[in-house]
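First up is the structure itself, then whatever we jot down about it.
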Amino acid sequence: MPASHRPDRQNAPAWWQTEVIYQIYPRSFQDSNGDGIGDLAGIESRLDEIVALGVGAIWISPFFPSPMADFGYDVSDYCGVDPMFGTLADFDSLLAAAHARGLKVILDFVPCHSSDQHPWFVESRASRSSSKRDWYIWRDARPDGSPPTNWIGEFGGSAWTWDDTTGQYYLSVFLSEQPALNWANPDLRTAMLDAMRFWLDRGVDGFRVDAIIFAAPDVDGGDHPPNPDWTPAMGPARSQLQTRLAHQPGVFDVVRDMRRVTDSYPDRVLIGETSGTLNDVMPYYGADMDLFHLPFYFAMLSTPWQADALSALVARYEAALPDGAWPTLVLGNHDISRIASRAGVAQARVALTLLLTLRGTPVLYQGDEMGMDNATIPHNRVQDPWERRVPGLGLGRDPARTPMPWTDIDHGGFSTTEPWLPLHLPPEGSFARQATDPGSMLNYARRLIALRRAHSALSQGTYRQIHVGPDVMVFERRAGTNRLVVCLNMSATAQGVSASGVPVLSSCGNRVEAFVRKLVLAPNEAVILDVSPGG
Ligand code: NOJ
Ligand code: CA
């Protein structure tokens with residue numbers, strides 16, 4: 001294990017190993033200028049609330065210039081700020097204000113596609129002899145005029161878009177408005193790495209790298225085979241196995257270059273949106289730990305909310321991690337149903353406890369700290385292009401993207417006008433309401449994060465499964481003499497657990513016992529026991 005990764009006294013762990021990362025979806029965090037859309041100045045105005053939560057870093061989803069076909073994941077200038085979100089000066093101000101409070105700032109880097117409005121693509125599509133032609137991925141039609149391969153895009157439809165002007169198809173893995181960038185072209189590669197340097201030079205603390213699995217498609221490798229396990233509810237893209245498009249060998253080379261750039265600045269982090277199976281994800285650490293510091297593993301999102309299934313998943317993951325690899329298991333983000341809806345509102349605190357007590361770096365999606373559940377979006381308010389293209393399957397992401405309900409006044413204190421997506425209150429009410437209620441989910445989240453900070457067992461310690469049944473998950477976290485046992489009741493009935501110790505936190509409020517010999521968990525209760533000697 002490289003010295004910098006070793007959680008012991010001589011080698012302090014890196015900040016990205018011990019801190020909780022908080023994900024901000026900027027359109028929906030705080031509007032500062034009354035246009036109904038969140039912005040950078042709005043984020044800056046809420047930094048004290050973020051600090052009070054106890055997290056150590058924020059990851060901000062894209063705020064770069066964009067036509068917003070995919071709400072910022074279609075970038076038309078990698079080195080700027082969209083006027084909708086503010087200016088570069090606003091960003092510098094936000095960064096300085098965050099750093100002044102000890103908060104790290106991670107940006108979203110979107111390397112695999114730009115917007116079709118990016119000047120590079122405008123030039124690329126202008127003629128076949130354009131100097132930027134090869135910055136994107138162009139191919140001839142098949143003899144019958146159909147796309148070069150049968151690949152289906154992530155949002156449905158062909159992954160190829162026909163361009164009349166130059167008579168070729170270009171690859172577009174998501175929307176047609178998101179042409180795939182060609183990392184095999186050295187000039188494109190240099191330009192993109194320079195964009196990373198642009199932000200690193202300004203002082204950002206790292207990147208979450210979007211959709212990286214698609215960075216090196218084997219375009220001439222042929223068609224995708226059908227997925228034998230497909231059901232229509234999975235959406236059209238999953239009907240094939242992406243054997244040529246995803247996780248191709250060249251991807252690792254791209255990530256290695258990104259990591260080199262990142263490592264040329266001190267103390268930065270590189271996080272990968274590495275969708276895939278365990279076998280797909282592990283190589284993204286790199287044989288020499290020279291790729292992502294934190295490749296996301298998303299399997300919890302598709303695992304039934306049952307103690308045995310989740311424990312088995314964690315066990316498989318722990319066993320698969322190579323030496324020196326730091327874990328990170330994803331529980332929520334702006335692309336999927338809210339955890340409070342997936343696990344059930346009654347389980348929201350249990351889920352939060354799991355996220356914040358598993359080994360590795362937790363990423364907490366805005367609103368999950370106060371139990372936000374999915375909003376119902378009226379038909380005429382749907383914004384997500386995925387829902388528009390593939391309606392009715394529940395793939396739409398708007399329900400998890402509604403604005404932060406800060407207060408109980410009009411528009412939730414998020415804006416002075418009707419927000420871009422309807423305001424939705426979580427079951428326990430607005431942030432302001434929860435902030436003043438000691439028993440609220442928000443205050444539970446604050447206590448939980450404070451506990452995580454106070455105990456090296458939680459932030460750095462080992463993980464050992466102690467008990468697992470269909471309804472109860474119990475595991476130990478240990479760093480030297482600091483030992484905590486996490487007990488999660490994933491059912492709606494009381495459950496006995498043979499664990500003893502000092503209850504230091506319960507999701508159901510204060511426990512009166514100074515010491516428990518046999519723990520009885522209330523329905524949907526999470527309890528953390530301190531079992532350190534003398535604890
Ligand atoms: C993953 C992002 O999280 C998602 O929001 C986006 O639509 C796709 N990548 C395409 O960039
Ligand atoms: Ca605004």
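All of the numbers you see were taken from the coordinates with simple rules; none came from a lab. Note that the structure is predicted; figures quoted are calculated from it, not measured. Neighbour counts run over all protein chains shown; Cβ positions are idealised from the backbone, glycine included.
As an exercise, use a Förster radius of 22 Å and the Cβ-Cβ distance of Tyr265 and Thr87 to find the FRET efficiency, rounded to the nearest 0.05. Intermediate values should be presented prior to the final figure.
Working: r = 24 Å, r/R0 = 1.07.
Rounded to the nearest 0.05, the efficiency is 0.40.
Extension gain, Ala450 to Ser131: 0.36 nm times the residue separation minus the Cα-Cα distance gives 109.4 nm. In this structure the amide hydrogen of Ile152, modeled in the peptide plane, comes within under 5 Å of the amide hydrogens of Ala159, none closer than 5 places in sequence on its chain. Where a ≥ b ≥ c are the square roots of the eigenvalues of the C-alpha gyration tensor, would you call region 324-391 rounded, which needs a/c under 1.5, or, failing that, prolate if a/b is larger than b/c, or oblate? Cα axes put region 324-391 in the oblate bin. For region 112-267, just say rounded, prolate or oblate: build the C-alpha gyration tensor, square-root its eigenvalues into a ≥ b ≥ c, call rounded for a/c under 1.5, and beyond that prolate if a/b exceeds b/c, oblate if not. In terms of gyration-tensor shape, oblate. With R₀ set to 35 Å, the beta-carbon distance separating Cys79 from Asp437 gives a calculated FRET efficiency near 0.20. Over the Cα atoms of the chain, each weighted equally, I'd like the Debye log10 I(q)/I(0) at q = 0.06, 0.07, 0.09, 0.10 Å⁻¹, rounded to two decimals. Computed log10 I(q)/I(0) values: -0.29, -0.39, -0.66, -0.82.
Based only on other Cβ atoms within 10 Å, what is the fewest-to-most ordering of Thr416, Thr277, Thr361?
With the fewest neighbours first, Thr416, Thr277, Thr361 line up as Thr277, Thr416, Thr361.
Label-to-label distance for Ala522 and Ser45 is 3.7 nm, based on points extended 7 Å past Cα in the beta-carbon direction. Each Lys and Arg Cβ is given +1 and each Asp and Glu Cβ -1; about its Cα centre, the chain then shows a dipole of about 1740 debye.
Rounded if a/c is under 1.5, else prolate if a/b is larger than b/c, else oblate: which is region 211-274, with a ≥ b ≥ c the root eigenvalues of its Cα gyration tensor? Let's see the in-between values first.
Details: a/c = 5.15, a/b = 2.10, b/c = 2.45.
Taking the square roots of the gyration eigenvalues as a ≥ b ≥ c, region 211-274 is oblate.
With θ taken as phi - 60° and the Karplus curve 6.51 cos²θ - 1.76 cosθ + 1.60 applied, the whole-hertz 3J(HN,Hα) list for region 124-140 is 4, 8, 5, 7, 5, 9, 4, 5, 9, 3, 7, 6, 10, 10, 10, 8, 6 Hz, x standing for glycine and proline. A Förster radius of 25 Å, combined with the Cβ-Cβ distance separating Leu393 from Val345, puts the computed FRET efficiency at roughly 0.65.
If you take every DSSP beta bridge whose two residues both sit in the chain, what share of them, in percent to the nearest 5, is antiparallel? Present the calculation step by step, with values, prior to reporting the outcome.
Working: 37 of 59 bridges.
Within the chain, antiparallel bridges account for around 65 percent of the total.
Stretched out straight at 0.36 nm per residue, the stretch from Asp290 to Thr481 would grow longer than its current Cα-Cα span by 65.6 nm. Run the quick spin-label model on His379 and Ala97: label points 7 Å from Cα toward the beta carbon, then report their separation in nm to one decimal. Here the modelled spin labels are 4.1 nm apart.
Reported value for region 147-187: 88 Å³ per residue, from the convex hull of its C-alpha atoms.
In region 1-159, inverting the average of 1/r over every pair of distinct C-alpha atoms gives 18.6 Å as the Kirkwood radius.
Binning the C-alpha pair distances of region 410-535 at 10 Å intervals from 0 yields a P(r) profile of 12, 35, 29, 14, 8, 1 %, listed from the shortest bin outward.
Here the peptides 491-497, 28-34, 362-368, 430-436 are ranked by packing, the mean other Cβ count within 10 Å, and the order with the highest first is 362-368, 28-34, 430-436, 491-497. Distance between the 7 Å Cα→Cβ label points at Ala494 and Met234: 4.3 nm.
Charge tally for Ile152 (other residues, Cβ to Cβ under 15 Å; Lys, Arg +1; Asp, Glu -1): +1. The alpha carbon radius of gyration of region 39-126, expressed as a multiple of 2.2 N^0.38 Å, is 1.21. Report note on the peptides 313-320, 337-344: ranked by the mean count of other C-beta atoms within 10 Å, highest first, their order is 337-344, 313-320.
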